[in-house]
């Protein structure tokens, strides 16, 4: 191919990119949700406010967006302290719950259904309980035995559906194998789906121009962590390890709404290390300890570790501790920023759950 | 890092991949939909039959799956003749419609709402009409003017929702800008969403373990074209250019359900040519003529061109012709297989729409 031809293709791409530039984003949406983060609890903008109108069509108008805030990646090694950021967010939520209680005499309510004795699930539920009570959200728990019937789970869910003091209901996953997760989750009222796992919420998270009622908490927690840490997402190569409904899928969809170039690695991926090494932002949720080592990382990459595998440790309070997917020691010598496990994404997930529950209660009470 | 350590990570990956291998796929599902393609109209398996149960969990059982059919890529230049394959599929549909008519005296019905005078939209609708009538599907059309009200479109949609002889309703996109596409599409009965654009269908397409009622026609058409051409998808690096709700998004989601490693390129992607050049399977739906030239392709890549941009051509019947995103001449010297425009994905899309409409009618009449 001649040099002229190569240039002309480059020019074509530039024109196409410019045409669809985020300069065409609604500056109003940005000014509410990004420019004045101090006025809202989260920095994360709504997915729809990120959309580029008239994507791929010609002749789209390019409004002035010189006011759009740019996030820049700090090129020094940095620990992404999810624990501290989550604490800040929880403080904001606590203030809002207090204001709600003082104004209308109501508080948000969060209900959890826990089936079986799975140790990590018990830890997660405990964290949700502590988190809720700390910010003034009423917490309700139904525990069912490992060998309970599908009917028992459905009945518990239905009763929370009908309970007006419940604004968010969670079915703690995974369920024992004899229970049909999809069927049970399908019974959950959309308005109380604070985990964001209903197909309507996932569909609206995926689709341009649509707004999910709730965004899955871990995905939202990862993005909020990046935004609060000053890390730019738009245009970055993001690689997500894992395509689970709970973490990998929604995280990849949300990154896409933020205009990252996303690749998902899964167990059928060939040369996963090579693909991971291309990532500016690597989010791993495989649940395989030490899967991601130094050779999987591009120097300067941002590493977000969602993996939490329990390993026996009699020194710990509950006889075990959680470890991530990333070899933290060696990765922190290569990455420009990295989340620890614990204290990284975990607390952010809980904070987002509390945030979603607050939002649900606000909608329900028409409280602004 | 020492050699031993590198090896141990490689071993870890192999174990992880094996644990989640598609060897754990339900062989029953495969035997119905893949092993005996002659008994069904399409080769495409249902997304759920592709799922790996207990993904990412340990100790998953690995049933015998030595019977799973393997698709192998033919390493010779090949034109993916969508026109011929679509004709074959339409013949199968025609036989089924005939059998339905003879058995229960009913035929499937497809309704289209066309707003405005957009030339390409008129062509697409014309193709759907011709395709429907050819296979015996009853075709209904409502045309509305460019400046019609949202109410008029909603009323047309509602009337098709209530019409028992309509099994599929399509709102021809794009709509004029003054109409709220999301709001109007939200009114469409899920059971008649043969375009598969309802958030519930997109959500269920995205989520592991879920089955959408209908899969968007272009996405399904691309996959069917690959499968019928003997091209393996699992484990391949697939790059989709474009993330539109209509093509890019559902195609990437469906490729993911087929266990490809998927990356989406969009206008904010940096070095798109470099990313495209990594693709074993490149599906482009940017709507930008000649965007994808030789330098964007890995030798031996499979190229599927969904782009259709109208260019003036007085020699053509309607005064214009459609051209794709790919420089066909030079790409066909590098790719191992390529779709032409026209005659590639276009006819497959129409065939999938007729297929979805037939399936909808079968469900409605409980006809098996």
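Just name the residue that is nearest to residue B:364 (Cα to Cα) out of those in the stretch B:172-190 that are more than 14 Å from every other protein chain (Cβ to nearest Cβ) and in contact with a strand residue (DSSP E or B) (Cβ under 9 Å, 6 or more places away or on another chain).
B:189
Filter the stretch A:291-304 down to the residues that are in contact with a helix residue (DSSP H, G or I) (Cβ under 7 Å, 6 or more places away or on another chain) and free of Cβ contacts under 8 Å to residues at least 60 places away in the same chain and list them by number.
A:291, A:292, A:293, A:294, A:295, A:296, A:297, A:303
Is at least one residue of the stretch A:88-106 within 30 Å of residue A:237 (Cα to Cα), outside the structural domain of residue A:133 (by TED's automatic domain parsing) and at pLDDT 85 or above?
Yes - at least one qualifying residue is present in the stretch A:88-106.
Given the conditions (1) in contact (Cβ under 8 Å) with a residue 60 or more places away in the chain; (2) surrounded by 24 or more Cβ atoms within 10 Å (Cβ to Cβ), and given that residue A:322 satisfies all but one, which numbered condition is not satisfied?
Only one criterion in (1) in contact (Cβ under 8 Å) with a residue 60 or more places away in the chain; (2) surrounded by 24 or more Cβ atoms within 10 Å (Cβ to Cβ) is unmet by residue A:322, namely (2).
Counting only residues that are within 7 Å of chain A (Cβ to nearest Cβ) and part of a loop (DSSP other than H, G, I, E, B), which one in the stretch B:193-220 is surrounded by the most Cβ atoms within 10 Å (Cβ to Cβ)?
So the residue we want is B:207.
Checking residue A:335 against (1) more than 10 Å from every other protein chain (Cβ to nearest Cβ); (2) in contact with a helix residue (DSSP H, G or I) (Cβ under 6 Å, 6 or more places away or on another chain), which test does it fail?
Of the numbered conditions (1) more than 10 Å from every other protein chain (Cβ to nearest Cβ); (2) in contact with a helix residue (DSSP H, G or I) (Cβ under 6 Å, 6 or more places away or on another chain), the odd one out for residue A:335 is (2).
Within the stretch A:144-163, track down each residue that is over 16 Å from residue A:114 (Cβ atoms) and touching a helix residue (DSSP H, G or I) at 6+ places or on another chain (Cβ under 7 Å).
The answer is A:161, and nothing else.
Residue check, residue A:359 against (1) touching a helix residue (DSSP H, G or I) at 6+ places or on another chain (Cβ under 7 Å); (2) part of a helix (DSSP H, G or I); (3) over 19 Å from residue A:230 (Cα atoms), all met but one. Which one?
It fails just one condition, (1).
Of the residues B:130, B:113, which is surrounded by 15 or more Cβ atoms within 10 Å (Cβ to Cβ) and either within 25 Å of residue B:322 (Cβ to Cβ) or at pLDDT 95 or above (or both)?
The unique qualifying residue is B:113.
Any residue in the stretch B:137-151 that is under 30 Å from residue A:198 (Cβ atoms), surrounded by 16 or more Cβ atoms within 10 Å (Cβ to Cβ) and in contact (Cβ under 8 Å) with a residue 12 or more places away in the chain?
No, the conditions are met nowhere in the stretch B:137-151.
If you check residue A:240 against the conditions, is it on the phi < 0 side of the Ramachandran plot and more than 7 Å from every other protein chain (Cβ to nearest Cβ)?
Against the criterion (on the phi < 0 side of the Ramachandran plot and more than 7 Å from every other protein chain (Cβ to nearest Cβ)), residue A:240 qualifies.
Name the residues in the stretch B:226-237 that are out of contact with any strand residue (DSSP E or B) (no Cβ under 8 Å at 6 or more places or on another chain) and assigned to a loop (DSSP other than H, G, I, E, B), would you?
Residues satisfying the conditions are B:230, B:232, B:234.
Would you tally the residues in the stretch A:260-280 being crowded, with 24+ Cβ neighbours inside 10 Å and farther than 18 Å from residue B:256 by Cβ?
Total satisfying the criteria: 0.
Only one of B:264, B:283, B:223, B:275 is in contact (Cβ under 8 Å) with a residue 12 or more places away in the chain, touching a strand residue (DSSP E or B) at 6+ places or on another chain (Cβ under 9 Å) and more than 9 Å from chain A (Cβ to nearest Cβ). Can you tell me which?
The conditions single out B:283.
The values are calculated or read from the model by the stated rules, or taken from the named source; none is laboratory data. A quick note: this is a predicted structure, and the numbers were derived from the prediction, not measured. Backbone-built Cβ (ideal geometry, glycine too); neighbour counts: all protein chains shown.
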